1. Scanning for something surrounded by fewer than 19 Cβ atoms within 10 Å (Cβ to Cβ) and either touching a strand residue (DSSP E or B) at 6+ places or on another chain (Cβ under 8 Å) or under 30 Å from residue 242 (Cβ atoms) (or both), does the range 166-174 turn up at least one residue?
2. If you check 190, 158, which single one turns out to be in a loop (DSSP other than H, G, I, E, B), at pLDDT 95 or above and under 30 Å from residue 348 (Cβ atoms)?
3. Of all residues in the range 106-120, count the ones that are in a helix (DSSP H, G or I) and buried (at least 17 other Cβ atoms within 10 Å of the Cβ).
4. Take the range 271-313 and flag every residue that is assigned to a helix (DSSP H, G or I), surrounded by fewer than 22 Cβ atoms within 10 Å (Cβ to Cβ) and in contact with a strand residue (DSSP E or B) (Cβ under 9 Å, 6 or more places away or on another chain).
5. Would the range 392-405 turn up any residue that is assigned to a helix (DSSP H, G or I) and touching a residue at least 40 places away in the same chain (Cβ under 8 Å)?
6. Taking residue 234 and the conditions (1) within 30 Å of residue 103 (Cα to Cα); (2) at pLDDT below 95; (3) surrounded by fewer than 16 Cβ atoms within 10 Å (Cβ to Cβ), which numbered condition does it fall short on, given that it satisfies the others?
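The values are calculated or read from the model by the stated rules, or taken from the named source; none is laboratory data. Nothing here was measured: the structure is a model prediction, and the numbers come from that model. Here the Cβ positions follow ideal geometry from the backbone for every residue, glycine too, while neighbour counts run over all protein chains shown.
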């Protein structure tokens, strides 16, 4: 039987979305919250990610140990993630354990936020921030985003900063939770072997009393802030460089062309960057990726090489970016389509992949699109579409940055 899509909305506004596959051997469920680093006041930057951690410290019903034991008891593969624009709590289980998994996820989404747990977890978050600071790619990327987005909240760091997390109080987190975790800004996405009607009734039981709210999202106005920047980290043996430039938003139909552009110029293997920089031994790594967001997007170029080679690597990166539109050919477009189609299909083979795709589309305000339909859209993209996208969003770096040993 084919995969079917169904949806329902509880009286409190919580949306339930499902891609049902009777032939699947497992089921996956995830609660998606339309909130992330861009929705935080700068003074509490990092609170969304910190709150994600606090959910697993337990509710009034379960403590942290029981949360872990209960998930283990049903053999769940469970986790969570926070990004600039969403937070997700998910579990992948055998179909007979799906109701228990949904109940447990729903329970931790009403966290106790105990002061002792908050104080303990703050140390964990600060250690995580320190680890990111020691990672040259992450340190470079976060600093470049801050320069590129300026005062726009998309420049916020998902983990926050040492200063913002150190100053954060439990009461501030509690206020943020009650403001942002409203039932009508959340969705339960499920995929795999699912009894949808039973799922809806179960969700009504465990989530039906969650309160509504209207937190919304301030998209603001945004103009990229241009600049060339340089930073240092101790004990680096390589030089790292990056470039940021505008790209389509994730809910823009041109996202398909933008994804293909990034594949052609900067995929980790077989791209123009790969053959001109990595295969020749000039750079250890050179990639271009497309990052679509709610209302805006950007291309990110990253490279690592010997410090002495950085000027030559930068020059070659710019040559490839500048000449792409004039030299595109059908063969490399076909190869890029094949790589993206394979990645989409592989993600769709497992319920967890379908669940993540389903919830992410909802989080970005996108209508449900069947996997087969999305693959058809990718296949329909032409060289003309890519050239049109490149005219609208030329590959001209707005922000450049480099990280070297200091």
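1. Yes, that holds for at least one residue.
2. Result: 158 is the single residue among 190, 158 that is in a loop (DSSP other than H, G, I, E, B), at pLDDT 95 or above and under 30 Å from residue 348 (Cβ atoms).
3. Residues flagged as in a helix (DSSP H, G or I) and buried (at least 17 other Cβ atoms within 10 Å of the Cβ) within the range 106-120 amount to 5.
4. 274, 276, 278, 307, 308, 309, 310, 312
5. Yes: one or more hits.
6. Residue 234 satisfies every listed condition except (1).
This table checks each residue for (1) assigned to a helix (DSSP H, G or I); (2) closer than 18 Å to residue 171 by Cβ; (3) assigned by TED's automatic domain parsing to the domain that holds residue 178.
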| residue | (1), (2), (3) |
| --- | --- |
| 43 | yes, yes, yes |
| 53 | yes, yes, yes |
| 65 | yes, no, yes |
| 69 | yes, no, yes |
| 72 | yes, no, yes |
| 75 | no, no, yes |
